[in-house]
Amino acid sequence: MSGASGKAPAQTILCLETRGPGLYEFTDRAAAFARQAGLKAGLLTLFVRHTSCSLLIQENADPDVQRDLAAFFRRLVPHADDPRMDYLVHRAEGPDDMPAHIKAALLPVSLSVPVMDGRLALGTWQGLYLFEHRDRPHRREIVLHLAA
Amino acid sequence: MSGASGKAPAQTILCLETRGPGLYEFTDRAAAFARQAGLKAGLLTLFVRHTSCSLLIQENADPDVQRDLAAFFRRLVPHADDPRMDYLVHRAEGPDDMPAHIKAALLPVSLSVPVMDGRLALGTWQGLYLFEHRDRPHRREIVLHLAA
Amino acid sequence: MSGASGKAPAQTILCLETRGPGLYEFTDRAAAFARQAGLKAGLLTLFVRHTSCSLLIQENADPDVQRDLAAFFRRLVPHADDPRMDYLVHRAEGPDDMPAHIKAALLPVSLSVPVMDGRLALGTWQGLYLFEHRDRPHRREIVLHLAA
């Protein structure tokens, strides 16, 4: 992590290990990073360094919401072995490959959350998630950038 | 509102009362906030503190565009009492509940607009909207964060 | 371009000429802008000043990915002369008009990419694209804003 003293931004890279499609919460780690920087007012920007997973802010109360979200996107963008997807050309890495790129286009690669009074200004029900679109385990990197 | 003097960011929370699904414009209020801060060059970031409504930049000329947009998303993500959505599990708050979360995943929770020459660098036809996804009236909060 | 000296942000407007729907890469031009500013740590924000094209970060290796992406969105949001789109009202500028607005709602109008160690922190396979949704040639403007 580079220092957050004075006006220099604070930056770090979060690593998440995923084990198949779905949402992985990292709200606590992002909140700790923001708190540590000691800014009263600022902006935390998240950026995911991949094209087959996404960032997402979603409800953190009922896990059914996360399951339903994943189910919706699986239906909207079926695997490449589904007849509805027979127009896909890029199939090198398996039936979950190109659909993962499509979901990564539909969902955020970057997000910004203000820091107010020293805390992330998330709403009561908002949590920060990585949304994994690939079937196999992956190691994912999220850049956190905090500026005044 | 915290001060915008020197290099400290200016922050405020806009409140919007919604009365059912659709787009609610707040371009003027955001532009006034940016103007007031008196920055020549900066970045305005918008963040909505909810998981069942969205932010959107869209055409501000023909109201049919907004109606067609809402119609598309209502068809893409039907209410939970539509047979196509019978896989949904999270139904606690009514048939518009989980579809609202899905639309909130598909559309922006945060947006950034540069300030150039003291004004928001929106294109001629771009307006800032809150996109309400719930049927019942809601009070929505949008954080505005303006930094140099 | 305004200066990047001291703490003032650097800003510029990139112009791209498009010739029909599809992805137009501008990673090199954005990277050159970031490099020129000479910041070790910062945040580059991109903003497109239109409501009928989008920004996108996607795979830059296999051109089939870009073709498949465009094919998916053409199926998800068919032209207005497709019977599935007969509910559309806004048709003034042709059958690709309202579908372009819908795609512009589904895909990013702004994106932020951290600068670390003086370079854009893009992942190995990530490229920056303008996604044109209109059939006819257009001149598109992207605002680049780089702050510490």
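The values are calculated or read from the model by the stated rules, or taken from the named source; none is laboratory data. Remember, predicted model here, so these are calculated numbers, not experimental data. Note that we place each Cβ from the backbone using ideal geometry, even for glycine, and neighbour counts take in every protein chain shown. Surface areas here come from the heavy atoms of the whole protein model, side chains and all, with no ligands, DNA or RNA. Shrake-Rupley method; radii C 1.70, N 1.55, O 1.52, S 1.80 Å.
Compute the acute angle (0 to 90°) between the alpha-carbon long axis of helix C:63-76 and the principal axis of greatest extent of the alpha-carbon atoms of chain C; round to the nearest 10°.
For C:63-76 against chain C, the angle is about 50 degrees.
By the scheme Lys and Arg +1, Asp and Glu -1, what is the net charge of all other residues having a beta-carbon under 10 Å from that of A:Ile142? Could you put the intermediate results ahead of the total?
Details: positive: A:Arg29, A:Arg49, A:Arg140; negative: A:Glu141.
Overall, the nearby charge balance is +2.
For chain C, what's the relative contact order in percent, using C-alpha pairs closer than 8 Å and at least 6 residues apart?
50
For C:Ala32 paired with A:Asp135, estimate the spin-label separation in nm (one decimal), with each label point 7 Å from Cα along the Cα-to-Cβ line.
The modelled label-to-label distance comes out at 4.3 nm.
What does the structure give for A:15-28 when I average, per residue, the other chain Cβ atoms found within 10 Å of the residue Cβ?
Values: counts 0, 0, 0, 0, 0, 0, 0, 0, 1, 0, 0, 0, 0, 0.
Taking all residues of A:15-28 together, the mean is 0.
At 222 nm, what value in deg cm²/dmol follows for chain B if DSSP H runs of at least 4 each add -39500 (n - 2.57) and the sum is divided by all its residues, to the nearest 500? Can you show the working numbers first?
Working: 3 runs with 35 residues, N = 148.
Here the helix-only value at 222 nm equals -7500 deg cm²/dmol.
Pick from B:Gly123, B:Gly22, B:Gly38: which is most flexible by mean-square fluctuation in a GNM of chain B where alpha carbon atoms under 10 Å apart are linked?
Of B:Gly123, B:Gly22, B:Gly38, the most mobile in the Gaussian network model is B:Gly123.
Interface size between chain B and chain A, please: total buried accessible area, 1.4 Å probe, rounded to the nearest 100 Å².
2500
Scale the Cα Rg of chain C by the rule-of-thumb value 2.2 N^0.38 Å and send over the ratio, two decimals.
1.15
Mind checking the mean number of beta-carbon atoms from other chains within 10 Å of the Cβ atoms in A:43-54?
For peptide A:43-54, the averaged partner shielding equals 6.
Just the accessible area for A:Ile57, please: 1.4 Å probe, Å², rounded to the nearest 10?
10
If I ignore ligands, DNA and RNA and count only protein heavy atoms, how much of C:Asp28 is accessible to a 1.4 Å probe, in Å² to the nearest 10?
Around 130 Å² of this residue is reachable by solvent.
Please report, to one decimal in angstroms, the Kirkwood hydrodynamic radius of the protein assembly as shown built from all distinct Cα-Cα pairs.
About 21.8 Å for the protein assembly as shown.
Under 14 Å Cα to Cα from C:Lys40, which aspartates and glutamates show up? Leave out anything in the same chain fewer than 8 places away.
Once the sequence-local aspartates and glutamates are set aside, what remains near C:Lys40 is C:Asp117.
For peptide A:57-65, what's the mean number of Cβ atoms from other chains within 10 Å of each residue's Cβ?
Whole-number average of other-chain Cβ neighbours for A:57-65 is 6.
Of all alpha-carbon pairs in the range A:91-148, indicate the percentage at a distance above 14 angstrom.
Of all Cα-Cα pairs in the range A:91-148, 68 percent lie more than 14 Å apart.
How far is helix B:27-37 tilted, in degrees, relative to the longest principal axis of the Cα atoms in chain B, given as a value from 0 to 90 rounded to the nearest 10?
Value to nearest ten degrees: 30.
Using a Gaussian network for chain B with springs between C-alpha atoms less than 10 Å apart, which of these wobbles most: B:Val77, B:Val48, B:Val89?
B:Val89
How many angstrom lie between the Cα centre of the range A:23-73 and the Cα centre of the range C:59-98?
30
May I ask for the angle, rounded to the nearest 10°, between helix A:97-106 and the longest principal axis of chain A, with both axes built from Cα atoms and the value confined to 0 to 90°?
50
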